[in-house]
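Everything below concerns the one structure shown next.
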Amino acid sequence: MEPFVEAELTCDAFLGGKVTIRQPRDGYRAGVDPVLLAASVMARPGQCVLELGCGAGPALSCLAARVPGLSLTGVEIQPAYADLARRNLADHGFDAQVVCADIVDLPDPLRSATFDHVLANPPYFGPGSRIGSEDAGREIARAGRTPLSDWIAVAARRLAPGGFATVIQRAERLPDLLAAMTTHLGSVECLPLVPRAHRAARLVLLRGRKGGKAAFRLCAPVVLHRGNAHPGDADHYTPQVSAILRDGAALPFPTA
């Protein structure tokens, strides 16, 4: 895939304009999912963060805008998106490197590095589970060939002792994700994301800790939208989600 030229890109604002991201007009475009993922990572200034499958860098950028002084590393298999991530992160002056590689075949320097946090937004669909997109970049981002178990195994290997892996995924894939998390990590917590009150969760955030010993915890869900339907074209997010998407607030897993 050749690098994108400016005519193929849009420049989109996130977090109320705190972050701007170049992304392709016709390829894979980030929505709210990477913003919610970034908001749920409780990193502290000075820590090291790795994102597996960083795309154009929206999650890393949103996390760095909220938590100053992070050392960021992104891994992205598609060269054109890796190039975009480098440009987007550099535009904001973040301390970041982006490596173009398959997550299951990382270069030696990354295989010897450890991180305080690893985050990922793995493809939501398995190969052959749906009609594919004609755009190759969008298809790789939405239906990757790497099993979810490999994403979690790689994340666990790259974590420092006591470090956290955080993943966002479709609720239908929670059984596979839980099986992988409980194999490689401990203190696993699940935060369901429901579109509206009294609806089934469509997405989940899952977090595990390297060496964690606590029992599995299912948190109360976060409701994304107010009311029973969108009023016209307005997003109509709940106040909690508005604070995340428009103000850059955190989304902590609720404590008991």
For the condition out of contact with any helix residue (DSSP H, G or I) (no Cβ under 7 Å at 6 or more places or on another chain) and of a type outside the set (Asp, Glu), what is the one hit in 214, 153? 214
Whether any residue in the range 40-54 is of a type outside the set (Lys, Arg), free of Cβ contacts under 8 Å to residues at least 24 places away in the same chain, touching a strand residue (DSSP E or B) at 6+ places or on another chain (Cβ under 9 Å) and at negative phi is what I want to check. no
As an exercise: evaluate residue 10 against (1) surrounded by fewer than 20 Cβ atoms within 10 Å (Cβ to Cβ); (2) within 30 Å of residue 161 (Cα to Cα) and give the number of the one condition it does not meet. (2)
Considering 105, 116, 83, which residue is within 16 Å of the chain's Cα centre (by Cα), among the charged types (D, E, K, R) and over 17 Å from residue 34 (Cα atoms)? 116
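Computed from the coordinates by the stated procedures, all read-outs in this text should not be read as laboratory data. Everything numeric in this text was worked out from a predicted model, so none of it was measured. Virtual Cβ from ideal backbone geometry, glycine too; neighbours counted across all protein chains shown.
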